[in-house]
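The values are calculated or read from the model by the stated rules, or taken from the named source; none is laboratory data. Values in this document were obtained by computation on a predicted structure and should not be read as measured data. No Cβ is skipped: glycine too gets one built from the backbone with ideal geometry, and neighbour counts run over all protein chains shown. SASA here: full protein model, heavy atoms, side chains in, ligands and nucleic acids out. Shrake-Rupley method; radii C 1.70, N 1.55, O 1.52, S 1.80 Å.
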Amino acid sequence: MSRSIVYEASPLPPGVTADPPGPPAPDTWKDKVIKLIPVEVLSFYIAVHGIIQAATPAPGTEDNRPLLMLIVFVAGLIGTPLYLAQATKTDPTKPSTKQYVITTIAFIVWALATTDPLVRLMIPLPGVVKSLLLPVFTFAVGWL
């Protein structure tokens, strides 16, 4: 399955063939949800975040874990569009700017809902916001 979202049937660029022949059909809601959630970047982010949280600072040293979590969050933020570009390199159609933006927003929503990367900036999200943000965004993203 291609990672690029097909919003409407359109002819393929010259010299590009598809299997089956003809323009690709528009993606369904389910296909869009699957393609817009950057699971590879999120799995990296959540794993590294867990490792950082599990580390215990040496006695008498400053706890740099919140700063490290923020750095990993920014790395995921930058890495999301880069990964999408790499993952769609061989797709017959290329992702739209809209897909890059929504996928990056999806990373932010999922990261905020599953971890606390903004603790260093003293911006904690209440649990109820996290609990509502993730399912509402994930459900709505297929219609964007």
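Tabulated values for the structure
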| item | result |
| --- | --- |
| Number of positions in segment 43-100 that are among the aliphatic types (A, V, I, L, M) and in contact with a Phe, Trp or Tyr (Cβ under 9 Å, 6 or more places away or on another chain) | 6 |
| Qualifying residues in segment 105-129 (those that are assigned to a helix (DSSP H, G or I) and touching a residue at least 60 places away in the same chain (Cβ under 8 Å)) - the one nearest to ILE34 (Cα to Cα) | ALA106 |
| LEU82 vs. criteria open to solvent by 40 Å² or more (accessible area, probe 1.4 Å) and either out of contact with any Gly (no Cβ under 7 Å at 6 or more places or on another chain) or more than 28 Å from TYR7 (Cα to Cα) (or both) | yes |
| Exclusive hit being touching a Pro at 6+ places or on another chain (Cβ under 7 Å) and closer than 24 Å to ILE34 by Cβ, set THR93, THR97 | THR93 |
| Pair list, Cβ under 8 Å, 6 or more apart: segment 133-144 residue within 14 Å of GLN99 (Cα to Cα), other residue open to solvent by 40 Å² or more (accessible area, probe 1.4 Å) and of a type in the set (Phe, Trp, Tyr) | GLY142/TRP29; TRP143/TRP29 |
| Segment 94-107, residues that are in contact with a helix residue (DSSP H, G or I) (Cβ under 7 Å, 6 or more places away or on another chain) and open to solvent by 40 Å² or more (accessible area, probe 1.4 Å) | TYR100 |
